[in-house]
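These notes are about the structure you will find just below.
The values are calculated or read from the model by the stated rules, or taken from the named source; none is laboratory data. Just so we're clear, the structure is a prediction, and the values are computed from it rather than from any experiment. Note that each Cβ is placed from the backbone with ideal geometry, even for glycine, and that neighbours are counted across all protein chains shown. Protein only, heavy atoms only, side chains kept; ligands, DNA and RNA dropped before computing areas. Shrake-Rupley method; radii C 1.70, N 1.55, O 1.52, S 1.80 Å.
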Amino acid sequence: MFVLQSYTWAVVFCVITMFCWGSWANTQKLARKGWRFELFYWDYVIGVLLLSLLLGLTLGTHGSAGRPFLEDLGQASHSSIYSALLGGAIFNLANILLVAAIDIAGMSVAFPVGIGIALVLAVVLNYVADPLGHAPLLFGGVLLVVLAIILDAIAYRKLPGGAAGVSSKGLILSVACGLSMGFFYRFVAASMYADFTRPEAGKLGPYGAVFVFAVGIFISNFLLNTLMMKKPFVGTPVTYADYFKGGLGTHLTGILGGIIWGIGMSFNIIASGRAGFAISYGLGQGATMVAAFWGVFIWREFRTAPSGTSKLIAAMFACFLAGLALIIMARTS
């Protein structure tokens, strides 16, 4: 299978992760007008699953390192399979809670609370389990990224109506999202062997782990997303009949969103072999700032913002870039 041979390429893969994780949601904006997220999400999940299978049968199969994809799946222990499946189910729950929190409380609450908790918790958990890198630089970088997320949230609150909709339900959903998002990566990492060039019996390689993780998302979606369809946090219920009313272009747009996110997840896991799980995840969660870039420069979400907001946005990107630099340096020190 294909593995990275240098830390430099691991950083490049993590940057690609940032752009993928920060960009996939744009595909929902390209879907049919009025197409509900619960319906879009089915195609997104299918896209993640298809992408993980494709990479497993290509990059995960060819090459002299590690174990081929299908052989890797066949020898995996039940505990490794269950760990990766659980990681997928927990991620699915976190992703759905994040969208619900954004709908109810707005991005100004959902992102700093949800993604901030997830970033700190995941980096701590993965560093304790696999302590690669210089801790002061790593956690200093993480704190700067969290500060950037908070500044992003403050900027969103300055938008007309940006301070509306904050509720205890939205805050609770944001905290639940952060706790779930912070734990999912550790379960995927626990299913894998650390050195991708030296397979361990019963453990999964990166491609096998991501595929089983995607299966966990897909299976859990029949419960989690069905509940969301029947009892949405916002809006009226939707049905499976509504899903099949979507045209081919609408469904392909959702699948494309899943493929984009899946590339990010796969590249992040591949990068973890050289960067370590804590650094790899920490860099990947810079996706929040990529999403902010889309909002600022492409979708022009801040065109109606009051004066002074541009300084907040500049400070946000400065903290983000400084935080990423520290996280990258943590592995080279």
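Some points to look at:
- Screening residue 290 on (1) buried (at least 20 other Cβ atoms within 10 Å of the Cβ); (2) under 30 Å from residue 309 (Cα atoms) shows it passes everything except condition (1).
- Only one of the numbered conditions (1) over 22 Å from the mean Cα position of the chain (by Cα); (2) at negative phi; (3) touching a residue at least 24 places away in the same chain (Cβ under 8 Å); (4) open to solvent by 30 Å² or more (accessible area, probe 1.4 Å) is violated by residue 238, and that is (4).
- Of the helices (runs of 4 or more DSSP H) lying entirely inside the stretch 161-245, those containing at least 2 residues that are within 30 Å of residue 73 (Cα to Cα) and among the hydroxyl-bearing types (Ser, Thr, Tyr) span 168-190, 206-230.
- Here residue 280 meets the list (1) touching a residue at least 60 places away in the same chain (Cβ under 8 Å); (2) not in a helix (DSSP H, G or I) almost entirely, failing just condition (2).
- Odd one out for residue 133, checked against (1) in contact with a Lys or Arg (Cβ under 8 Å, 6 or more places away or on another chain); (2) at pLDDT 90 or above; (3) assigned to a helix (DSSP H, G or I); (4) farther than 11 Å from residue 282 by Cα: (3)
- Hits in the stretch 105-118 (condition: touching a Gly at 6+ places or on another chain (Cβ under 8 Å), open to solvent by 30 Å² or more (accessible area, probe 1.4 Å) and either modelled with pLDDT of 90 or more or more than 9 Å from residue 178 (Cα to Cα) (or both)): 117
- Number of positions in the stretch 3-49 that are open to solvent by less than 20 Å² (accessible area, probe 1.4 Å) and either assigned to a loop (DSSP other than H, G, I, E, B) or in contact with a strand residue (DSSP E or B) (Cβ under 6 Å, 6 or more places away or on another chain) (or both): 4
- Some residue of the stretch 191-208 being of a type in the set (D, E, K, R) and at pLDDT below 95: yes
- The single condition among (1) touching a Ser or Thr at 6+ places or on another chain (Cβ under 7 Å); (2) among the hydrophobic types (A, V, I, L, M, F, W, C); (3) farther than 21 Å from residue 146 by Cβ; (4) at pLDDT below 95 that residue 260 does not satisfy is (4).
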